[in-house]
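All remarks here apply to the structure that follows.
The values are calculated or read from the model by the stated rules, or taken from the named source; none is laboratory data. Computed from a predicted model, the values in this text were never measured in an experiment. We place every Cβ from the backbone using ideal geometry, glycine too, and count neighbours over all the protein chains shown. These area figures cover heavy atoms from the full protein model, side chains too; ligands, DNA and RNA do not enter into them. Shrake-Rupley method; radii C 1.70, N 1.55, O 1.52, S 1.80 Å.
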Amino acid sequence: MYANIIVDADISGISHPYTYNVPSNLEEVINVGACVAVPFGGRKLVGYVFELTDTAPGISNIKDILAVVPDTYVFDPSLLNIISWMSDYYVAPLAHSMRAIIPETMSATINSVVRLIDAEKKSDKSPAQIKIVEELIELGGAADLEVLKAKCNIDNFNAVLRQLNNRGCLETIQSLELPKARPMIVQGLMLNNINDANIDSNSITPAQNAILKELMQTKGIIKQSTLLKRAGTSASPIKTLIEKGMVKKVDIEVRRRSFEIDNDSCEKPELSASQKDVLSIINGSGEFSSSNKTLIYGVTGSGKTEVYLQSVENALNQGKSSICLVPEISLTTHLMKSYISRFGDQVAILHSKLSVGEKYDEWRRIESGEARVVLGARSAVFAPVSNLGLIVVDEEHETSYKQDRSPRYNAKRIAETRIDMEDAAMILGSATPSIESFYRASSGDIKLAVMDKRINDRALASVQCIDQREEFEQGRRNIFCEPLKDAIADRLARKQQVILFVNRRGYAHFMLCRSCGHTEKCPNCEVSLTYHAYSKTLKCHHCSETRRAPESCPNCGSTHFKQFGIGTERIEEEVRKLFPEAGVIRMDADTTRRKNSHAKLLDLFHEQKADILVGTQMVAKGLDFHNVTLVGVISADTILNLPDFRAAERTFQLLTQVSGRAGRGDLPGEVFIQSFSPDHYAIRSAIKQDYLSFYGHEIQFRRELMYPPFTQLINVISNDPSPNYALERLSEFAKRLQNNVKTGINIMGPVPAPVSKLKGVYRSHLMIRSQIPTDMTLQKSIAKVLDSMPSADRSSIIVDVDPLSML
């Protein structure tokens, strides 16, 4: 028997499984999807069985699989198909695609540590060999293989290392590290074949009797800690009862939960006419099949969540499982109550903030079929549900569905591919659908369901735009325009709540010297450092470079070195100054680092223990607070002026979504948008909350310039310590690709990327524009070109298929 193995080797260009022989002693225990240890390139690595076959490959010297690794994740065969597709479509190594799916808590690794044996004899070594020995000495004589490789940064590292190994200068030690997560086992107790009839009350103490009574009422196994609490005793009587043979110990596996929510069932609300119409469109054929793909375009507050819930319920009634994706961790915690109150313990929650044990327990519940409804962020699209019937992608326009490392997949695209493979249905939902999705629905490629009214016919919030140009001309340069400031005071007087949105965290965008024009920039990223007043530091939000904020200009010594721009910290400070009696919560990446911090802050606001919520994008969508009657957008132009063809779309979506947070209850809502570009069609349409008007302008712009959905874009980025070589590498790539693909593509660039230096390396990029292929022809050509380039060049090139950002 032979096995085709996806080897977990972090080497660019590996895009196929490797064939190994299955020893006879492993034939009974090996399965498709199993984790195995294999020899690879002179070392041991782990991999996953992609296929088992009895057909001998046409090659000699096939190596044996070393072992089947226990207690690891076993792939469902349907997910193996996703791995292969994802590798091809996103031009990513198979190992990267595999890692995207495997929970880190359930994967095994083989660690390689290089240890120095002889550091004295350097004279007969090559410069590369000397470099490795010197780095090892600096690292204390031993280092992780990958750390050493990165530190040395030399060509043919593996070959040079092998030479040093052969000469006895150093040794490489490998060890198998099993998955970190294990079941949580606690001490349990149960009666040992006794009952009321055979208990001699004269031979036991009152405490022992209380314990026995509790065990009889339990009629099974109970945690020792729970038993002691109920019986009101210490552990000593239990020890005595065990010695008497009346009670016995039993191990109990306990589920770890990241949340505690009352899971009492709730009554389903009466559906609006719009909700009934949409459900009839979704359930038109009564089947959950891949032909059933629906885009719900529903205004904010129209009741899309209830449509999702009833669609999931319909799937459950047909014996099908569902995956429900949300873009933000904050939305996941917000929606948990709705899903758990409806479906109880059938719901599993998956997101990045879970602990190792919590992820492990949720994943196993999904694998076993105990949990048939999965609610989570991007990676939940890979949940190993059985009998998949439905995938829901809420806020389908959100950029957070796109992963920013290899494989650079979009969960929305993966969802559609998976439902095609498993013959399930898909629902996309948004108040501001992506241009690509609405174009597909308008063209009849997928079904379109419209919800253009809020529940109970509540009116959308009224929106006013304040022209900041006029404010400046008249000398009013305050953070809040007068109408917004008056509206905040009015809402506070009425005990109503306010959301203030600004799309930047920190106190100020940058510091500028008014004397010489100097700005403090990140040495690693060529971007301005953001000022944080709370810590009096300057921080880079790309690489986390942090330094104390100088009191005078480092360039000329001038004291006219001040902060410019507005962030969440500055807004919070101004609100507290203007409205000292108001309770204020700030919600951004700085205040939500700790586990469950999103949920705690939102709960405080929901319970009306704070009056004003100041935040970034995480407060702009999905939140449903009925006492919020005012939303203020401090600056509408932050995204609009970015060098990105999606800038107008992002601006419209963000403004419309944040406007939708106001007036969701019985009280009317009001929104103030402060802008220097009030005449731009994205802002004009957002003021009217008119998606169709915006779509009409934007689709014409896309058609004229041949941007998606009319073409496919692939962004290719080159990283290098040398800015010149980053450009030269892409020029060579472009030449080879053009020779490989004679027609049908347009290569723009290469040029320095908008963020030309990031985390210490220079970045150049080129854009490939092509007709939308159906067979991944362009991706195959790109992969072929990459394979033809030197390994060092290949590993420094990033391929981003269907990019959502040009930065």
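Which pairs do you get when a residue that is closer than 13 Å to Val628 by Cα and open to solvent by less than 100 Å² (accessible area, probe 1.4 Å), found in segment 597-615, comes within reach of a residue that is of a type in the set (Ser, Thr, Tyr) and in a helix (DSSP H, G or I), reach meaning Cβ atoms under 6 angstrom, with the pair 6+ apart or on two chains? Between residues of segment 597-615 that are closer than 13 Å to Val628 by Cα and open to solvent by less than 100 Å² (accessible area, probe 1.4 Å) and residues that are of a type in the set (Ser, Thr, Tyr) and in a helix (DSSP H, G or I), the close pairs are Val614/Thr568.
Between Ile466, Ile479, the distinction of being part of a loop (DSSP other than H, G, I, E, B) and either free of Cβ contacts under 8 Å to residues at least 40 places away in the same chain or closer than 24 Å to Val633 by Cα (or both) belongs to Ile479 only.
Each row is one residue, and each column tells you yes or no for (1) assigned to a strand (DSSP E or B); (2) free of Cβ contacts under 8 Å to residues at least 24 places away in the same chain.
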{"site": "Arg763", "(1), (2)": "yes, no"}
{"site": "Asp775", "(1), (2)": "no, yes"}
{"site": "Gln779", "(1), (2)": "no, no"}
{"site": "Leu786", "(1), (2)": "no, no"}
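Scanning segment 25-60 for residues that are open to solvent by 70 Å² or more (accessible area, probe 1.4 Å) and closer than 24 Å to Thr172 by Cα yields Gly42, Lys44. Scanning segment 79-116 for residues that are part of a helix (DSSP H, G or I), more than 14 Å from Pro17 (Cα to Cα) and open to solvent by 30 Å² or more (accessible area, probe 1.4 Å) gives Arg99, Glu104. Within the option set Val575, Val614, being among the hydrophobic types (A, V, I, L, M, F, W, C), at pLDDT 90 or above and in a strand (DSSP E or B) holds for one residue only, Val614. Per the listing Ala461, Ala489, Ala533, the residue uniquely among the small types (Gly, Ala, Ser) and within 30 Å of Gly303 (Cα to Cα) is Ala461. For Arg408, are the conditions met, namely being part of a loop (DSSP other than H, G, I, E, B), closer than 22 Å to Gln712 by Cα, modelled with pLDDT of 95 or more and open to solvent by 10 Å² or more (accessible area, probe 1.4 Å)? For Arg408, the condition - part of a loop (DSSP other than H, G, I, E, B), closer than 22 Å to Gln712 by Cα, modelled with pLDDT of 95 or more and open to solvent by 10 Å² or more (accessible area, probe 1.4 Å) - is met.
Any residue at all in segment 761-780 that's under 29 Å from the mean Cα position of the chain (by Cα), within 15 Å of Ile717 (Cα to Cα) and of a type in the set (Ser, Thr, Tyr)? Yes, because at least one residue in segment 761-780 is under 29 Å from the mean Cα position of the chain (by Cα), within 15 Å of Ile717 (Cα to Cα) and of a type in the set (Ser, Thr, Tyr). Hey, any hits in segment 551-570 for a residue that's within 26 Å of Phe672 (Cα to Cα), among the acidic types (Asp, Glu), open to solvent by 70 Å² or more (accessible area, probe 1.4 Å) and at pLDDT 90 or above? Checked against the condition, which is being within 26 Å of Phe672 (Cα to Cα), among the acidic types (Asp, Glu), open to solvent by 70 Å² or more (accessible area, probe 1.4 Å) and at pLDDT 90 or above, segment 551-570 yields no hits at all.
Taken over segment 499-557, residues that are in contact with a Gly (Cβ under 6 Å, 6 or more places away or on another chain) and assigned to a loop (DSSP other than H, G, I, E, B) amount to 6. Among the residues making up segment 209-227, those that are within 14 Å of Val186 (Cα to Cα) and open to solvent by less than 60 Å² (accessible area, probe 1.4 Å) are Ile222, Gln224, Thr226, Leu227.
Within segment 1-23, residues that are within 17 Å of Lys63 (Cα to Cα) reach partners that are modelled with pLDDT under 75 with beta carbons closer than 8 Å, at six or more positions or on different chains, in the pairs Val7/Ile14.
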